[in-house]
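Report on one structure; see the data block that follows.
The values are calculated or read from the model by the stated rules, or taken from the named source; none is laboratory data. Just so we're clear, the structure is a prediction, and the values are computed from it rather than from any experiment. Counting neighbours? That spans all protein chains shown, and the Cβs are built from the backbone with ideal geometry, glycine included. With ligands, DNA and RNA removed, areas are computed over all heavy atoms of the protein, side chains included. Shrake-Rupley method; radii C 1.70, N 1.55, O 1.52, S 1.80 Å.
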Amino acid sequence: MTLPESKVLGPLLVDKHIITSEQLGLALKKQEETGKELKVILLELGFIDDETAILPVLAHEMGVAYVTLRDIEISAEVIKKIPAQFVSHYQVIPLRLENDTLTIATTRPWDIHLLDEIGLVVDARLNPVLSGQREILEAIRRYYGIGAETIERMMDTAQPVVQAAREVTNIEETQSEASISKFFNQILLEAYRDRATDIHIEPFEGGLQVRYRVDGVLYDARVPPDIKHFREAIVSRIKILSNLNIAEKRMPQDGRFKVCVGDIDLDLRVSFIPTPYGESVVLRILNTTRLYSLEELGLSEREKSLLEGLIKKPHGIIFLTGPTGSGKTTTLYSCLAHINTQEKKIITIEDPIEYQLKGIIQIQVNPAIGLSFAHGLRSMLRHDPDIMMVGEVRDRETAQISVQIALTGHLIFSTLHTNDAASGVTRLLDMGVEPYLITSTVEDFIAQRLVRIICPKCKMPVQVTPEMIKDFGSEADISSTRDVYEGKGCKACNFTGFSGREAIYEFFIFNDAIRQLILERAAAGRLKERAVACGMRTLRQAGWEKVRKGITTIQEVLRVTQEEEN
């Protein structure tokens, strides 16, 4: 028998002073309108913070055990007792098998019909216990893998189904039939919910590996082993979505497509490369509705003041430097959005366009037709811009054109791939830009890295030793250091100790002493020494400031800044 929530659960919660009778009345009225479960409505209305507040009370009233699944380890033998299709459909999870009795966790342990249907596939007596829906779904994902029920159902069919693509797919929509389309949507949705920026689908001999990059670090995604049988179908599905040639398997291909999660649009950039065991795929996930303001970049007050002063200059070049994935483009977009007004004409040329910026003209590089950064720059100048952004200066021609445009009174933003800010000068010199042109046009080189933020839910202080901070130099004085923190690792952060990222910056601003060294073609090391003597804070020093504020860890700062000390 199904629990009559409105008659049992509601009055019980009022009697236990968990909700008021007025709140119950409002919830019951909404339940009549929507047909949802009472506990779901109570959560939506904010009358309870979490379903765990009511489950122990409900279990006691109904005479069943209440179990939290977070700390329970389930053996593989027990997991095999119930197929993935059943645990997904009925939202149950097997816990243990003792004396021919299988204990299962469910949100409805009093539902006789549910137990009878599960009993048809389980050769054991059932002992139902009560658990929260969120915990059960997490356990299903952990032990069965993402989309396990879809793979299991497709394994029962002769051929996997590859569906035609729609223009924009809502990956939260549930499809009843087992298909590659449904399984791939489950992978995308899981990646989005885990805050992944990239999905790697990698073929190997005898298997297929799926990994997510979260906060700059790759993690294995939990997928069922039988996914290997659908490698070709998964690759074909992605190619169809990206409007690529599904028959071409020997050459690299690049594309993109869009999906949505509720009201959030996601832009996915896709790249295929051939390997001996099939094509390897990487999908970069871009939230096109999420644009950071200067306040959200992680700048200190001093750095924010410096950056605001630079981007308001009437002319010159501002370079962002750093390796791939260090957040350079995000910072550039934030700068452009900050100065984007009705009075200014802004044009960008990018490869690729990662975010659509309202009121800004954006050009996509297309080498196949000869539209390079250099060619685009020449054309942009004839459109009377005030501000221009070049995705990357990667060759002599682009560098020299950028310098010439800056000399004519335009402000230009661009990026360079260098380890630190001072090395940007050396890079331009190597491209053939004359020293006097660098000193006349470049306003600043800004080096950037991303450090992971300590998870607030498992943040804990640690004792600082001289050995831990020796690599930070004289800036790190242990006698004046307050508590330093680390993340212990918890379920909320997937036991990594980190959740999210912030940028650290190094501003290499020109002055007369720096300009003189550039004219003398001084090495990057000498330029950096002079800049530090003039007050420049290095990436590592900026990182130490975030350590002192409890934002990140000592090890994380050393990890992302190791290149600058080499």
Residues of region 424-447 satisfying the condition of being open to solvent by 20 Å² or more (accessible area, probe 1.4 Å) and touching a strand residue (DSSP E or B) at 6+ places or on another chain (Cβ under 7 Å): 427, 443
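Results for (1) among the basic types (Lys, Arg); (2) at positive phi; (3) open to solvent by 50 Å² or more (accessible area, probe 1.4 Å), shown as yes or no for each residue.
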residue: 491; (1), (2), (3): yes, no, yes
residue: 495; (1), (2), (3): no, yes, yes
residue: 499; (1), (2), (3): no, no, no
residue: 531; (1), (2), (3): no, no, no
Test: residue in region 506-525 that is at pLDDT below 85, more than 27 Å from residue 217 (Cβ to Cβ), open to solvent by 70 Å² or more (accessible area, probe 1.4 Å) and in a loop (DSSP other than H, G, I, E, B): no
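For residue 99, indicate whether it is more than 30 Å from residue 489 (Cβ to Cβ), polar (S, T, N, Q), open to solvent by less than 70 Å² (accessible area, probe 1.4 Å) and more than 39 Å from the chain's Cα centre (by Cα).
No.
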- request: Read through the list (1) more than 21 Å from residue 510 (Cα to Cα); (2) part of a helix (DSSP H, G or I); (3) open to solvent by less than 20 Å² (accessible area, probe 1.4 Å), then give the number of the only condition that residue 378 fails.
  value: (3)
task: Please go through region 340-360 and pick out each residue that is touching a Pro at 6+ places or on another chain (Cβ under 8 Å) and among the β-branched types (Val, Ile, Thr).
output: 346, 347
message: Could you check region 277-298 and list, in sequence order, the residues that are crowded, with 18+ Cβ neighbours inside 10 Å, part of a loop (DSSP other than H, G, I, E, B) and either among the small types (Gly, Ala, Ser) or on the phi > 0 side of the Ramachandran plot (or both)?
response: 298
- request: Write out, first by first residue and then by second, each pair whose Cβ atoms fall under 6 Å of each other, whose residues are 6+ apart or on separate chains, and whose first residue, in region 365-384, is within 14 Å of residue 406 (Cα to Cα) while the second is part of a loop (DSSP other than H, G, I, E, B).
  value: none
- request: Name the single residue, out of those in region 250-264 being farther than 18 Å from residue 194 by Cα and touching a strand residue (DSSP E or B) at 6+ places or on another chain (Cβ under 6 Å), that is surrounded by the most Cβ atoms within 10 Å (Cβ to Cβ).
  value: 257
statement: Taking region 437-468 and keeping residues farther than 24 Å from residue 309 by Cβ and assigned to a helix (DSSP H, G or I) leaves 466, 467, 468
- prompt: Looking at region 65-93, which of its residues are assigned to a helix (DSSP H, G or I) and either open to solvent by less than 50 Å² (accessible area, probe 1.4 Å) or in contact with a strand residue (DSSP E or B) (Cβ under 9 Å, 6 or more places away or on another chain) (or both)?
  reply: 77, 78, 79, 84, 86, 87, 88, 90
message: Can you confirm whether residue 117 is more than 20 Å from residue 222 (Cβ to Cβ) and touching a helix residue (DSSP H, G or I) at 6+ places or on another chain (Cβ under 8 Å)?
response: yes
- request: Return only the number of the condition from (1) of a type in the set (Gly, Ala, Ser); (2) modelled with pLDDT of 90 or more; (3) surrounded by fewer than 14 Cβ atoms within 10 Å (Cβ to Cβ); (4) touching a helix residue (DSSP H, G or I) at 6+ places or on another chain (Cβ under 8 Å) that residue 305 does not satisfy.
  value: (4)
field: Residue that is of a type outside the set (Gly, Ala, Ser) and either open to solvent by less than 10 Å² (accessible area, probe 1.4 Å) or under 26 Å from residue 450 (Cβ atoms) (or both), where the choices are 401, 369, 339, 363
entry: 339
